[in-house]
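Peer 1: Starting off with a structure, shown below.
The values are calculated or read from the model by the stated rules, or taken from the named source; none is laboratory data. None of these values were measured; they are calculated from a predicted model. Heavy atoms of the whole protein, side chains included, go into the accessibility calculation; ligands, DNA and RNA do not. Shrake-Rupley method; radii C 1.70, N 1.55, O 1.52, S 1.80 Å.
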Amino acid sequence: GSVYRQLIFTNSSDSDCRISGYPGVSLVAGGDTQVGAAADREDTPGEAPVITLSPGDAASADLKISNPGVYGDQCTASPADALKIYPPDEKDSITVTVDGLTGCTGDDAPVTLQISRLQG
């Protein structure tokens, strides 16, 4: 199978901020080399809510990480050591080190990550 992790986005500024939509997430190795495809977006009907975060408040998104072994010959398992995460509609990212990550590489490799939209 799969494991699920919650990504938490906290407003660390001194003023309210608004956030909405899907974060961008990918597996990386060696600092910045992407491993496999970026996360697919979970198919959720309706418009994404706009979430207003006061200083210190948080919103979260659920990340599903599938085990490359379930894909058999479709996948070449490749180690990764971190998640690269972009808040929705942002170009700046953070990299979070995580032990035991493995992605799928190769021609027509399946996507092993799926992200939900943010919820308050």
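Peer 1: If contacts are Cα pairs under 8 angstrom and at least 6 residues apart, what is the relative contact order of the range 48-120 in percent?
Peer 2: Numbers: 109 pairs, mean separation 31.6, N = 73.
Relative contact order of the range 48-120: 43 percent.
Peer 1: In µm²/s, what is D for the chain at 20 °C and 1.002 mPa s, where D = kT/(6 pi eta Rh) by Stokes-Einstein and Rh is the Kirkwood radius from Cα pairs?
Peer 2: 142
Peer 1: Further question: How would Ser54, Ser116, Ser15 line up by accessible area, probe 1.4 Å, largest first?
Peer 2: Accessible-area ranking of Ser54, Ser116, Ser15, largest first: Ser15, Ser54, Ser116.
Peer 1: Expressed as a whole number of Å, what is the distance separating the alpha-carbon centroids of the range 1-56 and the range 66-120?
Peer 2: Between the Cα centres of the range 66-120 and the range 1-56 lies a distance of 13 Å.
Peer 1: Per residue, how much accessible area does the chain have with a 1.4 Å probe, in Å²?
Peer 2: Per-residue accessible area for the chain comes out at 59 Å².
Peer 1: Pop out the carbon and sulfur fraction of the accessible area of the chain as a percent, whole number, probe 1.4 Å.
Peer 2: 44
Peer 1: Right, another one. Considering just Cα atoms, how many Å³ per residue does the convex hull of the range 7-64 enclose?
Peer 2: Once divided by residue count, the hull of the range 7-64 is 98 Å³.
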